[in-house]
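Notes to accompany the following structure.
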Amino acid sequence: MALGIYISVPFCRSKCTFCNFASGVFSRDRMQRYVDRVCADMADSARIAESLGAVYERDVDTIYLGGGTPSTLAPDQPEQLFQSVRERFRVLPDAEVTVECAPGTLSAEVIATLLRCGVNRVSMGVQSFVDQETRAVARLHDRAITLADLDRLRAAGLANINLDLIAGLPHQTEESWRYSVRELIASEVPHASVYILEVDEDSRLGRELIAGGQRYHAHHVPDGDQTARFYEIACDLLTEAGIAQYEISNFARPGFESRHNLKYWTRRPYLGFGVDAHSMLLARQLHPDFPESTAAVRFSAADDLDRYLAQTTSEYESSCVTQRQALEEEMFLGLRLNRGVALDALCEHRRSPLPPAFHAVVREVTENGLLQESEGRLLLTERGRLLSNEVFARFINL
Ligand code: SF4
């Protein structure tokens with residue numbers, strides 16, 4: 001089974017107030033040390049997979065350079081990363097190759113670099129088309145910059161583009177949110193991601209919201225009910241425009257679903273490189289005669305840049321995924337997809353009957369109107385999508 005490769009690039013031009021990722025602004029020198037280290041990890045990846053009892057494939061059909069803002073790298077650095085991938089793996093001719101970019105970083109030189117690296121898909125963190133909203137969260141772009149970048153990408157032949165929007169930004173109103181979603185539709189991109197602002201201790205804005213303060217425009221953040229309404233509005237407007245929802249946060253015109261991200265939701269193997277990058281490979285021990293054997297191996301690097309650079313390539317956190325955990329994962333990842341989870345595939349993957357507790361949970365969640373069964377598949381209902389975390393939690397520790 002061909003692999004997906006994810007490379008984390010934890011560098012940005014500035015830190016957005018809502019950001020809870022392990023990313024920041026760093027010197028050119030640290031960026032180069034990081035790129036060298038990621039390439040060393042790639043060189044060592046077959047040995048690490050072997051030592052963890054995992055199946056290591058050389059064929060790769062998706063590559064995703066995420067962040068952070070990979071487009072802040074110097075032009076020779078993405079080239080070094082992609083060259084390293086191509087030296088270690090066989091990148092299939094029709095591979096999907098995505099790079100995340102921030103509007104305002106797509107100079108002609110950067111776009112030329114992306115093309116030289118074989119990039120055929122770009123994901124842009126627009127977040128809003130309303131300048132007051134992007135300014136409030138310390139983004140460095142505005143609507144005009146985003147539209148100019150889109151024009152430049154298309155002129156260069158890069159038309160497979162995703163735009164991210166965030167519902168719940170400071171100063172957002174229903175009217176301004178509708179405007180952003182309509183601008184996205186008018187831009188005619190084939191893919192959209194709609195996220196709900198996360199409020200947690202890991203971002204400056206999240207901490208201020210929890211503290212009830214006013215810094216970072218926290219007192220202008222719409223409440224949870226409004227944000228949930230914005231999400232529903234986006235689902236309706238995008239669907240009407242032919243950009244169909246296929247995952248809780250993702251929408252695409254037919255044929256433009258993210259092949260890389262689908263690997264995560266359908267538990268296909270992937271290798272992640274760099275800070276906080278996670279990998280999941282099938283376990284070599286999987287055998288029909290051992291239904292309770294390990295199904296997969298997960299491992300990840302340090303989630304902090306300093307620790308990552310200080311570690312050797314061998315220092316991974318790893319864990320084995322048992323058949324029972326694999327079932328939990330198939331549910332809470334697969335139910336994110338509109339097409340849901342096929343019941344016969346669940347049994348096939350397990351090679352043993354589903355446990356009674358599983359059927360009891362399905363019955364209970366279905367009776368609560370959060371789940372439905374259709375043509376042998378389990379799917380979230382519309383209400384279930386809004387309360388998805390509660391549904392997913394019910395499938396843990398079956
Ligand atoms: S550009 Fe993305 S990764 Fe970087 S600070 Fe902003 S939200 Fe975080």
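Read the figures in this text as sums done on the coordinates, not as results from a lab. Computed from a predicted structure; not experimentally measured. Cβ placement follows ideal geometry from the backbone for every residue including glycine, while neighbour counts extend to all protein chains displayed.
How many angstrom lie between the Cα centre of region 36-83 and the Cα centre of region 301-331? Spelled out, the Cα-based centre of one part sits 15 Å from the other.
Counting neighbouring Cβ atoms within 10 Å and putting the fewest first, the residues Cys101, Cys16 line up as Cys16, Cys101. Scanning the chain for cysteines with no neighbouring cysteine C-beta under 4.7 angstrom from their C-beta gives Cys12, Cys39, Cys101, Cys117, Cys235, Cys320, Cys347.
Taking amide H atoms as placed 1.01 Å from N in the peptide plane, the amide H of Ala167 lies under 5 Å from those of Tyr195, Ile196, Leu197, each 5 or more residues away in sequence or on another chain.
Applying the Karplus relation 6.51 cos²θ - 1.76 cosθ + 1.60 with θ = phi - 60° to region 49-60 yields 3J(HN,Hα) values of 4, 4, 5, 9, x, 9, 7, 10, 9, 9, 6, 10 Hz, where x marks Gly and Pro. Note on the chain: helix-only mean residue ellipticity at 222 nm, from DSSP H runs of 4+ residues weighted -39500 (n - 2.57) and normalised by residue number, equals -12000 deg cm²/dmol. Near the amide H of Cys101, within less than 5 Å, lie the amide hydrogens of Ser123, Met124, Gly125, all on another chain or at least 5 residues away, with H placed in the peptide plane. Each of Asp44, Asp151 has some number of other Cβ atoms within 10 Å of its Cβ, and from fewest to most they run Asp151, Asp44.
Between Gly67 and Val9, the built amide H atoms are under 5 Å apart, and every one of these is 5 or more places off in sequence or on another chain.
For the chain, a Gaussian network of Cα nodes joined below 10 Å ranks Leu343, Leu309, Leu150 by mean-square fluctuation, and the top entry is Leu343. Backbone geometry of region 141-146 corresponds, through the Karplus equation with coefficients 6.51, -1.76 and 1.60 at θ = phi - 60°, to 3J(HN,Hα) couplings of 10, 10, 4, 4, 5, 4 Hz, x marking Gly and Pro.
Taking the centroid of alpha carbons for each part, region 136-188 and region 336-398 are 34 Å apart. Note on the chain: GNM, Cα springs under 10 Å; of Ala301, Ala167, Ala46, the largest mean-square fluctuation is that of Ala46. Protection proxy ranking of 272-282, 107-117, 25-35, by the mean of other Cβ atoms within 10 Å over each peptide's residues and highest first, is 272-282, 107-117, 25-35.
Stretching Ile396 away from His219 to a fully extended chain increases their span by 60.2 nm, per 0.36 nm per residue minus the current alpha-carbon distance.
Going by neighbour counts of Cβ atoms within 10 Å, the residues Lys263, Lys15 line up, fewest first, as Lys15, Lys263. Overall form of the chain: oblate. Here a/c, set by the Cα gyration tensor axes a ≥ b ≥ c, is 1.5 or more, and a/b is not larger than b/c.
Across region 252-265, computed HN-Hα scalar couplings (Karplus, 6.51 cos²θ - 1.76 cosθ + 1.60, θ = phi - 60°) run 8, 6, x, x, 10, 4, 6, 5, 5, 5, 4, 4, 5, 6 Hz from first to last residue, x flagging Gly and Pro.
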